[in-house]
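The values are calculated or read from the model by the stated rules, or taken from the named source; none is laboratory data. What you see is a predicted model; the values in this text were computed from it and never measured. All Cβ positions, even for glycine, are placed from backbone atoms using ideal geometry, and neighbour counts span all protein chains on display. In case anyone asks, the SASA skips ligands and DNA or RNA and just uses the protein heavy atoms, side chains included. Shrake-Rupley method; radii C 1.70, N 1.55, O 1.52, S 1.80 Å.
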Amino acid sequence: MGLTLTVDGPRWRGHLRACADATPGLVPVVKGNGYGLTPGRLARRSEWLGVDTIAVGTYEELPEVATRFPGSLLVLTPWRPFLPDLDPALATRVIHTVGRVDDVDALLTRQPGARIVLELLTSMQRHGFSPRGLWEAADHLRRHRARLEGLALHLPLAQGSHLGEVRRHLNDAVGAGLDGLDTVWVSHLTQAELASLRASYADFTIRPRVGTDLWLGDRGALSVTATVLDVHEVERGDAFGYRARTAPKSGHLLVVSGGTAHGIGLEAPMGESSIKARASTLARGGLDAVGFVRSPFSIDGKQRLFAEPPHMQASMLFLPSGAHVPEVGDEIDVRVRYTATTFDRIVVT
Ligand SMILES: *Cc1c(COP(=O)(O)O)cnc(C)c1O
């Protein structure tokens, strides 16, 4: 019942193991909704994988994973002075990301001995130090006798090679005279780029932070289904739904599980949406010409149309007459964005 994620356990674990074996220094990222699989489950899987560190997105996410994974916990969002004090029980396990000179001093004043990774401002332009800022950070670290856990580089998703940019940052960092610098935490590098970095910076430990390619890297191990909750036959002109719109032709209304609360959105994530495609359906008098929008639910391999925008926990689909009509209780396929979906059930086979 409900919106269900089914995981082919042996296949998924096989992929995780292969990914970990191919990625020395792997740091699994378990943030947000845990890529649809929940952060708690990913934390336990990370222990099973045998890694020493996992990464969460925010400080708020620490409690949920800290009880399920025994190792170090890297927080990806940079520390800020307005954050509440850390649970003292986690003080030695948490690795803070710091991205501003003043925050190095503020954090070490508040939590002497804090474990710190310095984030560098990359072409993402999100957070982090400029090369000049690194010099000042190095001074603060020395003054506090702090434990530098390395540098962090958050790179844009691959568009050509990142290596030039990584080399430039590492050379800046080495030039800034950071004592004890021996680790670089990176994101979104390919296996080839990682191998090349390891070869050119052999005295550095490279720690790839990976989420999507690890947890969702073998999509064939995952399937998402919704349950048909109700089926109603309608004639052209029959009214239905919250706004009493009328059926444009005869067919069936299907009520299926999965709505806005699950993250089901109006547009299918990868639907054909080019203006040209739309124009041709309009010309054919297709159902989207009368305002029906493609849904992420499919029946018999065909993506179906929403009869109206998704409700909170269910959606209404329109099935024109002639189509095979599923029965109440049948499961139908759904295409979702895993990072934006909350499932009612996760079944690992
Ligand atoms: C989310 C995140 C990652 C993981 O990204 P994926 O694309 O899911 O692998 C890595 N590094 C940082 C800094 C992130 O915020």
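General observations
- Scanning the range 194-220 for residues that are within 15 Å of the ligand (Cβ to nearest atom) and among the hydrophobic types (A, V, I, L, M, F, W, C) yields L194, I206, V210, L214, W215, L216.
- Test: residue in the range 58-68 that is among the aromatic types (F, W, Y) and within 20 Å of R147 (Cβ to Cβ): yes
Here is a yes/no grid of residues against (1) open to solvent by 50 Å² or more (accessible area, probe 1.4 Å); (2) closer than 16 Å to H96 by Cα; (3) in contact with a Phe, Trp or Tyr (Cβ under 6 Å, 6 or more places away or on another chain):
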residue	(1), (2), (3)
V7	no, no, no
G36	no, no, yes
R45	yes, no, no
P70	yes, no, no
W79	no, yes, no
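- Within the range 205-256, the set of residues being among the hydroxyl-bearing types (S, T, Y) and not in a strand (DSSP E or B) comprises T212, Y242, S250.
- From V104, V65, residue being in contact with a Gly (Cβ under 9 Å, 6 or more places away or on another chain) and in a helix (DSSP H, G or I): V65
- Qualifying residue in the range 287-295 (condition: at pLDDT 95 or above, of a type in the set (A, V, I, L, M, F, W, C) and open to solvent by less than 70 Å² (accessible area, probe 1.4 Å)): no
- Qualifying residues in the range 15-52 (those that are of a type in the set (D, E, K, R) and assigned to a loop (DSSP other than H, G, I, E, B)) - the one nearest to the ligand (Cβ to nearest atom): K31
- Of the helices (runs of 4 or more DSSP H) lying entirely inside the range 119-204, the ones with 2 or more residues being open to solvent by 30 Å² or more (accessible area, probe 1.4 Å) and basic (K, R) are found at 131-144, 163-175.
- Contacts under 6 angstrom Cβ, first residue in the range 206-219 being on the phi < 0 side of the Ramachandran plot, partner among the aromatic types (F, W, Y) and more than 9 Å from the ligand (Cβ to nearest atom), 6 or more apart: L216/Y338
- Looking only at residues of the range 64-84 that are more than 16 Å from the ligand (Cβ to nearest atom) and out of contact with any helix residue (DSSP H, G or I) (no Cβ under 7 Å at 6 or more places or on another chain), we find that the one that is farthest from F129 (Cα to Cα) is T67.
- The residues of the range 164-193 that are within 13 Å of the ligand (Cβ to nearest atom) and under 25 Å from I116 (Cα atoms), listed by number, are V184, W185, V186, S187, H188, L189.
- Cβ pairs under 7 Å, 6+ apart, first in the range 71-90 and more than 25 Å from L26 (Cβ to Cβ), second in a helix (DSSP H, G or I) and within 16 Å of the ligand (Cβ to nearest atom): L83/Y59
- The range 319-348 residues that are more than 18 Å from G220 (Cα to Cα) and at pLDDT 95 or above, paired with ones that are more than 16 Å from the ligand (Cβ to nearest atom) and of a type in the set (D, E) (beta carbon under 9 Å, 6 or more apart): V325/E233; P326/D300; V328/D230
- Every condition in (1) open to solvent by less than 10 Å² (accessible area, probe 1.4 Å); (2) assigned to a loop (DSSP other than H, G, I, E, B) is met by D85 except one, and the failing one is (1).
- Taking first residues from the range 171-192 that are over 16 Å from D213 (Cα atoms) and partners that are of a type in the set (K, R), the Cβ contacts under 8 Å between residues at least 6 apart in sequence or on separate chains come to D179/R142; G180/R147; T183/R207; V184/R207; W185/R207; W185/R209.
- With respect to (1) in contact with a strand residue (DSSP E or B) (Cβ under 7 Å, 6 or more places away or on another chain); (2) of a type in the set (G, A, S); (3) open to solvent by 60 Å² or more (accessible area, probe 1.4 Å), the lone exception for A221 is condition (3).
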